[in-house]
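Here's the structure, in structure tokens; my notes come after.
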Amino acid sequence: YAAFIALARMHEALGHSTESQSYREKAEQLKEHCREKLWNGHYYRHHLHLNLPEHPDFDESAQLSMGNTWMVTRGVADPDQARAIIATYEKRLQTTGHRFPWWSLEPGYPLTIGAVLADNASYLQPGGYCNGGLMAWVGGELCLAAFLNGREAFAWSLLAEFAEFLFDQDGQLYTW
């Protein structure tokens, strides 16, 4: 979506109105498809499977993926959706007991659902890397989303927590 909008703006700046309009239409079509296929009323789903995977003991539709923050800050989510996404992050922060809501994926996949996870359990365990690991850019995008959508107090609390964390770590941050 953001790429289509950027291309539309570039073509507009060059005076290519037909091309600009074409990219804006593509952006709107993509936004509508995302709403139709991925929006669950609270956040955008992590996957749209063509063939359902077999993991009956795990509800993949309950996963909150890191891309939701970008859906807000890149303009895909409308204001109501943005507020719902931010509220979902806030609620999960309260219910999980985690220090930060910077999840790449929450909840992560359990090791029991596949050989890839089990074979690489040292780093693909729930809470590790992209299987629920914490990524500072998710926190940054969530802060920006909150500031842009009237949730300044939540954004400020996240920034204050992050500043405290950096202070405790002597300014060092490991990131993927």
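Taking every alpha-carbon pair within the chain, the share separated by more than 19 Å comes to 63 percent. The heavy atoms of residue 25 offer some 100 square angstrom of accessible surface to a 1.4 angstrom probe. Over the chain, accessible surface divided per residue gives 59 Å², non-protein components excluded, 1.4 Å probe. For residue 39, the residues whose modelled amide H falls within less than 5 Å of its own, excluding neighbours fewer than 5 places apart on the same chain, are 45. Charged neighbours of residue 12, selected by a Cβ distance under 13 Å, balance to +1 (K, R count +1; D, E count -1).
For the chain, with all protein chains in place and a probe radius of 1.4 Å, 57% of the accessible heavy-atom surface sits on carbon or sulfur.
For the stretch 67-156, the Kirkwood radius over C-alpha pairs fed into Stokes-Einstein at 4 °C and 1.567 mPa s yields D = 94 µm² per second.
Across the stretch 154-160, coupling constants 3J(HN,Hα) worked out from phi with the 6.51/-1.76/1.60 Karplus curve, θ = phi - 60°, read 5, 4, 5, 5, 5, 5, 5 Hz, and Gly and Pro carry x. Stretched out straight at 0.36 nm per residue, the stretch from residue 10 to residue 42 would grow longer than its current Cα-Cα span by 8.2 nm. Amide H to amide H, with H built 1.01 Å from N, residue 77 comes under 5 Å of 72, counting only residues 5 or more places away or on other chains. Placing pseudo-labels 7 Å out from each Cα toward the beta carbon at residue 153 and residue 136 gives an inter-label distance of 2.8 nm. Dipole orientation for the chain: of the candidates 126, 62, 82, 82 has the Cα lying most toward the positive pole (charges on Cβ; Lys, Arg +1; Asp, Glu -1). Charge tally around residue 156: other residues with Cβ under 15 Å, Lys/Arg +1 each, Asp/Glu -1 each, net -3.
The values are calculated or read from the model by the stated rules, or taken from the named source; none is laboratory data. Note that the structure is a prediction, hence the values are computed from the model and not measured. Glycine gets a Cβ as well: all are built from the backbone with ideal geometry, and neighbour counts include every protein chain shown. All accessible areas refer to the heavy atoms of the entire protein, side chains included, with ligands and DNA or RNA removed. Shrake-Rupley method; radii C 1.70, N 1.55, O 1.52, S 1.80 Å.
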